[in-house]
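See structure below.
Only the coordinates and a few stated rules stand behind these numbers; no lab work does. A quick note: this is a predicted structure, and the numbers were derived from the prediction, not measured. Every residue, glycine as well, gets a Cβ built from its backbone with ideal geometry; the counts of neighbours run over all protein chains shown.
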Amino acid sequence: MTTLLEKAIKKLEDLPKKRQNGYASIIFDELDSEARWDKLFARTSDRQIKRMEQMMRDDLKKDVTTLGQFLRT
């Protein structure tokens with residue numbers, strides 16, 4: 001366990017049980033969320049990643065067609 005995590009746990013130990021449980025729930029939710037994102041990214045294909053990178057580059061160049069522009073054409 002890291003020193004920072006040990007310090008955080010020591011602070012949590014001084015809190016009432018209800019607040020300790022609240023923080024524990026937040027931590028578990030965050031860990032679950034990270035696990036879900038890890039699974040999603042693991043299933044992302046190279047093609048999807050390349051397309052996403054291209055979309056980001058286009059957005060940075062502002063070379064993007066908005067929905068309004070697209071519908072007017």
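What the table below lists for this structure:
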quantity: CD proxy at 222 nm, helix term only [per DSSP H run n ≥ 4: -39500 (n - 2.57); per residue of the chain; nearest 500]; calculated: -26500 deg cm²/dmol
quantity: Karplus 3J(HN,Hα) series, Hz, for region 46-61 with 6.51 cos²θ - 1.76 cosθ + 1.60 (x for Gly, Pro); calculated: 4, 4, 5, 5, 4, 5, 5, 4, 5, 4, 5, 4, 4, 5, 5, 7
quantity: Over the chain - Rg/Rh using Cα atoms and the Kirkwood inverse-distance radius; calculated: 1.29
quantity: Reach of Lys62 by Cα under 18 Å, taken over aspartates and glutamates that are not fewer than 8 positions away in the same chain; calculated: Glu53
quantity: Cross-link partners of Lys10 among lysines (Cα-Cα below 24 Å; sequence separation of 8 or more within a chain); calculated: Lys18
quantity: Size of electric dipole in region 1-59: Cβ of Lys, Arg +1 and of Asp, Glu -1, about Cα centre, debye, nearest 20; calculated: 120 debye
quantity: Using θ = phi - 60° and Karplus 6.51 cos²θ - 1.76 cosθ + 1.60, couplings along region 10-26 (whole Hz; Gly, Pro as x); calculated: 4, 5, 5, 4, 7, 7, x, 3, 4, 6, 4, 5, x, 5, 4, 4, 4
quantity: Estimated vicinal HN-Hα couplings, Hz - region 29-40 in sequence order (Karplus 6.51, -1.76, 1.60; Gly, Pro = x); calculated: 4, 5, 4, 5, 4, 4, 5, 5, 5, 4, 5, 4
quantity: Spin-label model distance (nm) - Lys10 vs Trp37, 7 Å beyond Cα toward Cβ; calculated: 2.9 nm
quantity: Most positive-pole-ward Cα, Met52, Leu12, Ile27, against dipole of the chain from beta carbon charges; calculated: Met52
